[in-house]
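Notes to accompany the following structure.
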């Protein structure tokens, strides 16, 4: 007996379907330019297909290539997204629509995809969340190479012999089912039973005992916990159906729904608790039950220390996952197959009687005892079940994804890497070419003769039946084995029922059976009870006046408790609301036949925005937003490809910049990786979020951009927020024409003469460093010192003195405000790192979020100190030959009449910006370069000794006095500094943006105005063509002879051309002073805290050691040199 459940389609969502068609109608297929149809999506997958919109390729499609109408394709897709059409039937529709088309309809490639070329299609396309380990690690979903190893290790666990041992456990559940039927006392009466509920309880009992070692007995104890949580796994809801839809068809989107799970959190926690309690108890007691628990314990023990797969271990949730997926494969196969079998047998009593006769005859031979061999030896039962699985396959499609680009043999078809492939089992199973009158239930299709006459590859209920071949690669061992277990259970249930009971339809049985549109696995509607649930069905019709008479005629039969409410609307239309809670079946079905009706279950009397379900509305809105964002963020992809330029394949929403955005890789090393990967190419395209960027590799083109054609590339791409004047107006960020004027006016103040005058201020800081090192008492074995902190203090003192006129002395007062705020500027926590990343790569975000170059507190501090010092200097007339004096002179002498300075003034924050820029350039360049130089000298003591010898000799000549000329006269020191800057340039890349469209000479390349152009300094500095053995620290690369041999524009640690760093000599002077003083007093060696090799901080926009920390050992040396 079957109950009936009213199933109505969800209302049409015109807005969503219109959006879907308008924006996505031409984006399903991609066709290559050489006229070969490259299947981007075999029927369905819009997240991949949306990436392509090539008009030329689309034209080729319409000139003769096979395709399904785009509108039909997307209306069908819209129905699936709106849960109005199950995916299995959607693919069947595509199959039927594409009859005669080998790639859309019946796949002639089935054998190649599933067997012959299995290595190309080794993974399923369906992918759950990685956080849902019970699904992700299960054999059904896990990817290679872990799948292959897991499959090999699990295969011996589920042989026929193992199933035989489990059969006794199943028989106990069969006895419980028999006892339950006996208790109903059906001898003299017919009882209407909810077979869905009954079969669920029976198979939950079987799975509970065979997979988890539990005696559940749901038939007598329906409210037990195992039954409760088991039902939740298969509970059909809009949300859960949508989650499954994404897992199976939209896996690239599933990662954005972190709570989307195959097993919800409560079920996961319950299964985990039950599983590990049973495992622990079984291990302690040593008890054997010949169930799945025993098999998994053996695997846990056997492979615990042997499994080298990082993605999978035979322990924890990965082990539990196999029991969980066995639950789904075994339970769902058994339950649905049994229900459909009983349904068809009730409709076809002649088949039912013949099958019962076969069962009773077999039982006579075994003295009424059900045995494993008896169950497997019933040919007509096997024919019946085979026909059921043809008509109602548990999973009505197969999916695969191409591992690499695949050229189909004897065809022009090319499947690109990562192309999803779908095979419609329903389409093949209902194809009249192979199954005449396919809607008819006919077990005779599966006689031995008919099976031999049928072509191969057209019957795949579990994906593993190919003309009798024993091929288990098709559907993975766990699912096919779980399915075989499910069939064994189904046959047992059918035998237990048919041997004693007859079934027939009742008046509540829905014929033909309705299928649930929410169900991914093609499950029949939940048949909760045999009586209608207490729902109020609201039927909403919009009809014209001309239709009113015929409509009223249709409603004439509805006489019982009908409430008719007519609401007039503008024009000739009005609505009718009908309460049909008390209608009989025939009356309700007559209403359903009305073509214009949308039937909805109304639980709240309150309509949602789009549909009657707020949850579904939310899903629709969310998916619309995601699709809109997707379309927007991928609209420029293939920009470079269309120009014939090689590009790195971008990822939606991130472009190629994901690792940098998530702070997994420093931008300089990201660009270096591109440089290295695209060897021998002059340039390559890449994407930051959705914007096309160009990386230039060719040194001649580098020279054009930085020097020869500088007028086209006079601006950097990086920018600060215009409201942040200290960032925006400083020389590093300011745009032309103001940059040119400011640069011209500042350049004379960084000449050798000006720096000589500032040198005495630096020597005061050197004296403080000397006293600090003495105070550390570094005699004997010395002490471990955090080098970057040491060099940062020294750089802070020099900047404070030369730029702001302050005697900071960070060595005596490490908590001085100047040091405190200097740390804040260059401390790369996650938030600060993202701000700097945005400034250098994402200027739009900078303007939207009002990011400050120096942060609010440091900006306020620098403004206060700068103007206090400037005001005091103006009043007192004091001269210190520092930057304050220089800027004060500019302020006095500038009349701001220059037309190029309309957006700039040598006053206010624009003036302060130059001091701030001097701070950042002088501080960061000097401290990091000195740190890396000391690290390399500690790594190579012979170079350190050579340099120290040069320093000692120079000091002897100057009677121990450090002079400006002496610092610049040390050639080996200069070589050491040059090699340090080659390996660790402070900023490992340069960027420019063209102010007009630029045609590149000698190349077929046009760089449009506003296109960011990047040059990987690190890439050039580590290119073995220019610097052999580039990872080796070798100062000899920069002796005079080797420098002459080096080609131009391959070494520029401070930039090249007019935009080269204006203060590079000042920074080098600082750095050389620091090294000179340290090496004249101390020997620097590695210590246990030193990371070898040095690790670059992935969060740093500039080149800094990990967390800004590097430790070395300092030991005072005895010398009479000074």
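Which residues, taken from region 774-788, are crowded, with 19+ Cβ neighbours inside 10 Å and part of a helix (DSSP H, G or I)? Break it down stepwise before answering.
In the first step, residues of region 774-788 are kept if they are crowded, with 19+ Cβ neighbours inside 10 Å; the result is 778, 782, 785, 787-788.
Selection gives 787, 788.
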Odd one out for residue 136 among (1) surrounded by 18 or more Cβ atoms within 10 Å (Cβ to Cβ); (2) in contact with a strand residue (DSSP E or B) (Cβ under 8 Å, 6 or more places away or on another chain); (3) at pLDDT 85 or above: (2)
Conditions (1) within 30 Å of residue 831 (Cβ to Cβ); (2) at pLDDT 90 or above; (3) under 37 Å from the mean Cα position of the chain (by Cα); (4) in a helix (DSSP H, G or I): number failed by residue 1020: (1)
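Please indicate, with yes or no, whether at least one residue in region 1010-1025 is without any contact (Cβ under 8 Å) to a residue 12 or more places away in the chain, touching a strand residue (DSSP E or B) at 6+ places or on another chain (Cβ under 6 Å) and surrounded by fewer than 19 Cβ atoms within 10 Å (Cβ to Cβ). Quick ask: steps written out before the conclusion?
Our first condition is that a residue be without any contact (Cβ under 8 Å) to a residue 12 or more places away in the chain; within region 1010-1025, this holds for 1024-1025.
Of the ones still in play, those that are also touching a strand residue (DSSP E or B) at 6+ places or on another chain (Cβ under 6 Å) are none.
Checking region 1010-1025: not a single residue is without any contact (Cβ under 8 Å) to a residue 12 or more places away in the chain, touching a strand residue (DSSP E or B) at 6+ places or on another chain (Cβ under 6 Å) and surrounded by fewer than 19 Cβ atoms within 10 Å (Cβ to Cβ).
Pick out, from region 416-515, the helices (runs of 4 or more DSSP H) lying fully within it that include 2 or more residues that are at pLDDT 75 or above and farther than 30 Å from residue 374 by Cβ.
On the way: elements: 425-429, 448-453, 477-498.
Correct list: 425-429.
Regarding residue 653, is this residue in a loop (DSSP other than H, G, I, E, B), farther than 23 Å from residue 1061 by Cβ and within 29 Å of the chain's Cα centre (by Cα)? Reasoning before the result, please.
Values: in a loop (DSSP other than H, G, I, E, B): yes; farther than 23 Å from residue 1061 by Cβ: yes; within 29 Å of the chain's Cα centre (by Cα): yes.
For residue 653, the condition - in a loop (DSSP other than H, G, I, E, B), farther than 23 Å from residue 1061 by Cβ and within 29 Å of the chain's Cα centre (by Cα) - is met.
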Go through (1) surrounded by fewer than 17 Cβ atoms within 10 Å (Cβ to Cβ); (2) closer than 30 Å to residue 125 by Cβ and name the single condition residue 185 misses. (2)
Single match in 686, 637, 693, 670 (criterion: crowded, with 18+ Cβ neighbours inside 10 Å and part of a loop (DSSP other than H, G, I, E, B)): 637
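Results for (1) farther than 15 Å from residue 978 by Cβ; (2) in contact (Cβ under 8 Å) with a residue 12 or more places away in the chain; (3) crowded, with 18+ Cβ neighbours inside 10 Å, shown as yes or no for each residue.
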| residue | (1), (2), (3) |
| --- | --- |
| 1041 | no, no, no |
| 1047 | yes, yes, no |
| 1091 | yes, yes, no |
| 1105 | yes, yes, yes |
Looking at 395, 378, which one is touching a helix residue (DSSP H, G or I) at 6+ places or on another chain (Cβ under 7 Å) and within 28 Å of residue 454 (Cα to Cα)? 378
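Limited to region 223-249, what total is found for residues that are assigned to a loop (DSSP other than H, G, I, E, B) and either in contact with a strand residue (DSSP E or B) (Cβ under 9 Å, 6 or more places away or on another chain) or at pLDDT below 80 (or both)? Can you show your working first?
Of region 223-249, the ones assigned to a loop (DSSP other than H, G, I, E, B) are 223-224, 234-237.
If we keep only those that are either in contact with a strand residue (DSSP E or B) (Cβ under 9 Å, 6 or more places away or on another chain) or at pLDDT below 80 (or both) too, we end up with 234-237.
The qualifying residues number 4.
Rundown of residues vs (1) in contact (Cβ under 8 Å) with a residue 40 or more places away in the chain; (2) within 47 Å of the chain's Cα centre (by Cα); (3) under 22 Å from residue 1032 (Cα atoms), yes/no style:
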residue	(1), (2), (3)
941	yes, yes, yes
944	yes, no, yes
948	yes, no, yes
959	no, no, no
965	no, no, no
980	yes, yes, yes
Please go through region 707-728 and pick out each residue that is touching a helix residue (DSSP H, G or I) at 6+ places or on another chain (Cβ under 9 Å) and in a helix (DSSP H, G or I). 707, 708, 710, 712, 725, 726, 727, 728
With criteria (1) buried (at least 17 other Cβ atoms within 10 Å of the Cβ); (2) over 30 Å from residue 240 (Cβ atoms), residue 156 comes up short on (1)
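Going through region 398-411 one residue at a time, which ones are more than 28 Å from residue 449 (Cα to Cα) and either in contact (Cβ under 8 Å) with a residue 60 or more places away in the chain or out of contact with any strand residue (DSSP E or B) (no Cβ under 9 Å at 6 or more places or on another chain) (or both)?
Quick first cut of region 398-411, residues more than 28 Å from residue 449 (Cα to Cα) only: 399-411.
Those that are more than 28 Å from residue 449 (Cα to Cα) and either in contact (Cβ under 8 Å) with a residue 60 or more places away in the chain or out of contact with any strand residue (DSSP E or B) (no Cβ under 9 Å at 6 or more places or on another chain) (or both): 399, 400, 401, 402, 403, 404, 406, 408, 409, 410, 411.
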Of 365, 358, 344, which residue is touching a residue at least 60 places away in the same chain (Cβ under 8 Å) and either crowded, with 19+ Cβ neighbours inside 10 Å or touching a helix residue (DSSP H, G or I) at 6+ places or on another chain (Cβ under 8 Å) (or both)? 344
When residues of region 1023-1047 are filtered for being more than 42 Å from the chain's Cα centre (by Cα) and closer than 12 Å to residue 699 by Cβ, how many remain? 2
Which condition number does residue 959 fail, the rest of (1) touching a helix residue (DSSP H, G or I) at 6+ places or on another chain (Cβ under 7 Å); (2) assigned to a loop (DSSP other than H, G, I, E, B); (3) surrounded by fewer than 20 Cβ atoms within 10 Å (Cβ to Cβ) being met? (1)
Scan region 790-809 for residues that are free of Cβ contacts under 8 Å to residues at least 40 places away in the same chain and under 48 Å from the mean Cα position of the chain (by Cα) and report the count. 4
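Could you tell me whether any residue of region 1001-1015 is within 26 Å of residue 1064 (Cα to Cα), in a loop (DSSP other than H, G, I, E, B) and either in the same structural domain as residue 1111 (by the TED database) or at pLDDT below 95 (or both)? Full working, then the answer.
If we filter region 1001-1015 for residues that are within 26 Å of residue 1064 (Cα to Cα), which is where we start, we get 1012-1015.
Then keep just the ones that are in a loop (DSSP other than H, G, I, E, B); that gives 1012.
Checking which are either in the same structural domain as residue 1111 (by the TED database) or at pLDDT below 95 (or both) leaves us with none.
No: region 1001-1015 contains no residue that is within 26 Å of residue 1064 (Cα to Cα), in a loop (DSSP other than H, G, I, E, B) and either in the same structural domain as residue 1111 (by the TED database) or at pLDDT below 95 (or both).
Looking only at helices (runs of 4 or more DSSP H) that lie completely in region 338-411, which have at least 2 residues being under 51 Å from the mean Cα position of the chain (by Cα) and modelled with pLDDT under 95? Break it down into steps so the answer makes sense when it comes.
Numbers: elements: 349-365, 372-376, 379-391.
Where helices (runs of 4 or more DSSP H) fall fully within region 338-411 and carry at least 2 residues being under 51 Å from the mean Cα position of the chain (by Cα) and modelled with pLDDT under 95, they are 372-376, 379-391.
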Would you tally the residues in region 145-163 being touching a residue at least 60 places away in the same chain (Cβ under 8 Å) and in a loop (DSSP other than H, G, I, E, B)? 1
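The values are calculated or read from the model by the stated rules, or taken from the named source; none is laboratory data. It should be emphasised that the depicted structure is a prediction, and the values quoted were computed from it without experimental measurement. Because the Cβ atoms are built from the backbone with ideal geometry, glycine has one as well, and the counts that use them run over all protein chains shown.
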